[in-house]
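Quick note: the coordinates plus some simple rules give every number you see, no bench work behind them. A quick note: this is a predicted structure, and the numbers were derived from the prediction, not measured. Quick reminder, even Gly has a Cβ in these numbers, built from the backbone with ideal geometry, and neighbours come from all protein chains shown.
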Amino acid sequence: MSDNTRTATAFANSNIAFIKYWGNRDAALRLPVNGSISMNLGGLYTRTTVSFEPSLPMDELVINGSEIMGKALERVSAILNVVRQSAGIALRAEVLSENNFPTGAGIASSAAAFAALALAAARAAGLTWNESAISRLARIGSGSASRSVPAGFVEWKMGSGNEDSYAVSIAPPGHWPLADCIAIVADGHKSTGSTEGHALAPTSPLQAARVADAPRRLEICRRAIAERDFSSLADIIQLDSDMMHAVMMTSQPALFYWKPATLAVMGNVRTWQRDGLPAAYTIDAGPNVHVICPHSEMSKIAALLRKISGVSDVLTATVGGAAHPL
Ligand code: DP6
């Protein structure tokens, strides 16, 4: 590293959406067709160091010790280009990123990764941007990453354009001690990624209905969080997840993310609910099932999930804080 190297490190947690982002009105800027609400996942994180170095001929990306090229590097360079332009610098950067999720567990890492990248890149370039500006920058890398910037329970407003489409905290982590038990479902196949999936959303005849009803679901979710009303939260996050998967299954081509074990977990969660155990499922663009519960029930639910055939592992997370520099 030369003396002119400008470097910064940042940390960000992953998040799980309660009301999902699915479909863009502007794919390049990642402006969504509906707002979304999520909870940061404390304990599932990415740590990223960005170093702008005079000696580098091009941007470099290393994730968990492996050098990455192609599409992933292009996505990272797109963020670095915004930062270079804003800061008036031309230097290429080395990006070293590590996440602590077991690789191959099918846990999407783009949310934590782009949140940490946006913060580290802005700071390395000397930009003193506020949280909203970092969230907006992270959004351009991955929509859900905008939500990993603020703390705790977070809402990403769809906004009217690039300037006002960013995420804000609607409640701090300590507001409601919830947990996420992630049932990992064994799956050899690589499924269609979110970016391709968002592009297919408008081909489903159900997407218009899902989007039209989004303000209602967002309001119910906001109120459930504000009032710590678990039963209302459970109903709305399951409905929202089922509606997104209905859109996925009816897109052209169709996207089926569920495996038999995915359905087995969903069925078990519904049975537990009838038996009075507070738990609710939500599923992203993959077969794993996130089971949201009060923190007091986390160990019990994780143990129950481990007994279900087809569940290979269970990861647990608590409500996480904001992305921050290290
Ligand atoms: C199903 O944020 O991963 O997890 O913007 O293309 O990176 P890109 O998509 P991404 O989409 C997330 C989709 C989801 C729902 C959600 O997290 O809101």
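Overview of results
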read-out: Rg/Rh ratio calculated on Cα atoms of the stretch 80-134 (Kirkwood radius); value: 1.04
read-out: Using θ = phi - 60° and Karplus 6.51 cos²θ - 1.76 cosθ + 1.60, couplings along the stretch 5-10 (whole Hz; Gly, Pro as x); value: 5, 10, 9, 7, 10, 9
read-out: Set of lysines with alpha-carbon distance to K157 below 29 Å, sequence-local pairs under 8 removed; value: K20, K71
read-out: Among A122, A199, A93: highest mean-square fluctuation, GNM of the chain, C-alpha pairs under 10 Å; value: A199
read-out: Contour excess over end-to-end distance, with Cα ends at E98 and A209 and 0.36 nm allotted per residue; value: 36.1 nm
read-out: For the stretch 6-113: span of alpha carbons on each principal axis (Å, largest first); value: 44, 33, 23
read-out: The stretch 300-307 - phi-based ³J(HN,Hα) in whole Hz, Karplus 6.51/-1.76/1.60, Gly and Pro as x; value: 4, 5, 4, 5, 5, 5, 5, 7
read-out: Proximal charge balance of V319 [Cβ under 14 Å; K/R count +1, D/E count -1]; value: +1
read-out: Exposure proxy ranking, count of Cβ atoms within 10 Å, fewest first, for T250, T271, T262; value: T271, T250, T262
read-out: 0 to 90° range, to nearest 10: angle between helix 260-274 axis and the chain longest Cα axis; value: 60
read-out: Cα-centred dipole magnitude for the chain, charges only on beta-carbon of K, R (+1) and D, E (-1), debye, nearest 20; value: 360
read-out: Karplus 3J(HN,Hα) series, Hz, for the stretch 229-234 with 6.51 cos²θ - 1.76 cosθ + 1.60 (x for Gly, Pro); value: 9, 5, 5, 5, 4, 4
read-out: Positive-end residue, the chain charge dipole about Cα centroid, Cβ charges, pick of L206, M69, I16; value: L206
read-out: Inter-centroid distance (Cα atoms) of the stretch 68-136 relative to the stretch 275-306, Å; value: 31
read-out: Nearest-ten-degree value, helix 71-87 long axis tilted from longest Cα axis of the chain; value: 60
read-out: For the stretch 177-319, convex hull of alpha carbons as volume per residue, Å³; value: 111
read-out: Amide hydrogen neighbours beyond the local backbone of N34, cut-off 5 Å, H modeled; value: W22
read-out: Listed residues I16, I107, I37, most fluctuating in the chain (Gaussian network, C-alpha, under 10 Å); value: I107
read-out: Percent of Cα pairs exceeding the 31 Å cut-off, where the set is the chain; value: 28
